[in-house]
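The values are calculated or read from the model by the stated rules, or taken from the named source; none is laboratory data. Here the structure is a predicted model, which means the values were calculated and not measured. Neighbour counts are summed over all protein chains in view; Cβ atoms, including those assigned to glycine, are modelled from backbone coordinates with ideal geometry. Each accessible area value is taken on the protein alone, full model and side chains, heavy atoms only, with ligands, DNA and RNA left out. Shrake-Rupley method; radii C 1.70, N 1.55, O 1.52, S 1.80 Å.
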Amino acid sequence: MELYYTDHFVLPLPTGHRFPMSKYVLLRDQISTFASTRLHEAPAASDNELTLAHSSDYVRRVVDGALTAKEQREIGFPWSPEMVERSRRSAGATIAACRSALSHGCGANLAGGTHHAHVDKGSGFCVFNDSVIAPRVLQREGLIRRALVVDLDVHQGNGTAAILRHDPSIYTFSVHGKKNFPFRKEPSDRDIELDDDTGDEFYLSVLATALPQVMAAARPDLVIYLAGADPLAADRLGRLSLSLAGLRARDELVFQQCDAAGVPIAISMGGGYAEPIELTVAAHTQTLRHAVQRYCS
């Protein structure tokens with residue numbers, strides 16, 4: 001199992017900006033304590049790979065710095081050369097994690113899960129949609145035929161759902177907050193919307209029922225798992241009120257289902273906005289430690 005990081009490409013964000021860039025550095029520091037030999041700098045996705053999910057015009061305007069002020073506001077941070085490079089490498093990290101999964105059963109991107117990016121625009125801190133780009137790269141190379149996106153970030157993957165609406169080869173499954181961002185949701189192949197303060201017990205019962213059904217419907221050669229830390233009770237944007245133990249049980253349900261079906265899994269981190277941010281880092285670290293123990297023992 002290999003893990004890919006992008007945190008050395010730091011975005012020059014305005015003072016007071018609330019996107020927690022520090023979590024990626026802290027996460028790599030934690031992972032290095034138990035999996036340092038498995039950590040690798042993420043490769044950059046090429047324009048050709050990016051256009052498997054996005055229009056060539058959108059990719060060009062991102063790369064050239066030609067996004068309008070409105071488009072930059074929708075993404076949530078200003079354009080910079082560092083933003084372009086980091087976004088390329090975030091997509092490249094999920095491609096690499098998928099390759100690791102096919103070779104070793106599992107791979108991980110210490111960032112990624114940029115599921116709000118659409119064909120022709122970014123949104124919600126997401127520039128390029130790695131959950132679409134990566135499986136389409138592998139499909140183009142003949143390495144897989146079908147994939148399943150298991151999106152357990154607290155926010156619905158509206159960009160992923162919209163891009164893949166007419167693509168039956170990649171099944172989209174999202175469990176998310178009903179009243180949370182995005183407020184205009186796009187239909188996934190299977191959506192489960194949850195009320196605020198759902199808590200561990202109900203969340204896990206719903207997921208345990210749905211996962212076998214989704215796996216049977218998708219018949220995937222590869223699972224891409226967005227292991228968002230934002231369902232955590234301490235998350236300032238989450239509101240689902242899961243505990244750290246609940247998130248571990250969630251991860252175990254996903255890993256068990258993949259193992260039972262003999263399907264490799266690529267993990268991306270998705271969102272996480274707890275205060276203090278160390279609680280988000282603890283949740284992400286728990287997911288990756290669990291995966292390393294499971295797939296590298």
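Let me confirm something: among 86, 73, 28, which residue is in contact (Cβ under 8 Å) with a residue 60 or more places away in the chain and closer than 19 Å to residue 12 by Cβ? When all the criteria are applied, what remains is 86.
Checking each residue in region 97-115 for being more than 22 Å from residue 257 (Cβ to Cβ) and open to solvent by less than 10 Å² (accessible area, probe 1.4 Å) picks out 110, 111.
Of the residues screened, residue 248 is one that is open to solvent by 20 Å² or more (accessible area, probe 1.4 Å) and under 18 Å from the mean Cα position of the chain (by Cα).
Scanning region 46-89 for residues that are open to solvent by less than 60 Å² (accessible area, probe 1.4 Å) and touching a strand residue (DSSP E or B) at 6+ places or on another chain (Cβ under 7 Å) yields one hit, 75.
Among residues that are under 24 Å from residue 100 (Cα atoms) and β-branched (Val, Ile, Thr), residue 133 is included. Whether a residue is farther than 26 Å from residue 38 by Cα and not hydroxyl-bearing (Ser, Thr, Tyr) was assessed, and residue 104 does not pass this test.
Scanning region 251-283 for residues that are more than 18 Å from residue 175 (Cα to Cα) and in a helix (DSSP H, G or I) yields 259, 260, 261, 277, 278, 279, 280, 281, 282. Against the conditions (1) out of contact with any helix residue (DSSP H, G or I) (no Cβ under 8 Å at 6 or more places or on another chain); (2) assigned to a strand (DSSP E or B), residue 198 satisfies every one except (2). Any residue at all in region 235-244 that's open to solvent by 20 Å² or more (accessible area, probe 1.4 Å), assigned to a helix (DSSP H, G or I) and free of Cβ contacts under 8 Å to residues at least 12 places away in the same chain? So far as region 235-244 goes, no, none of its residues is open to solvent by 20 Å² or more (accessible area, probe 1.4 Å), assigned to a helix (DSSP H, G or I) and free of Cβ contacts under 8 Å to residues at least 12 places away in the same chain. All conditions but one from (1) assigned to a loop (DSSP other than H, G, I, E, B); (2) farther than 30 Å from residue 61 by Cα; (3) open to solvent by less than 60 Å² (accessible area, probe 1.4 Å) apply to residue 176; the one that does not is (1). Taken as a whole, the structure leaves residue 137 outside the set of residues that are farther than 20 Å from residue 89 by Cβ and either at pLDDT 95 or above or over 13 Å from the mean Cα position of the chain (by Cα) (or both).
A single entry from 167, 189, 130 fulfils the requirement of being more than 19 Å from residue 231 (Cα to Cα), of a type in the set (Asp, Glu) and surrounded by 24 or more Cβ atoms within 10 Å (Cβ to Cβ): 130. Residues that are free of Cβ contacts under 8 Å to residues at least 40 places away in the same chain and more than 19 Å from the chain's Cα centre (by Cα) do not occur anywhere in region 147-165.
Candidates 210, 227, 218: the one that is of a type in the set (Gly, Ala, Ser), at pLDDT 95 or above, in contact with a His (Cβ under 8 Å, 6 or more places away or on another chain) and crowded, with 16+ Cβ neighbours inside 10 Å is 227.
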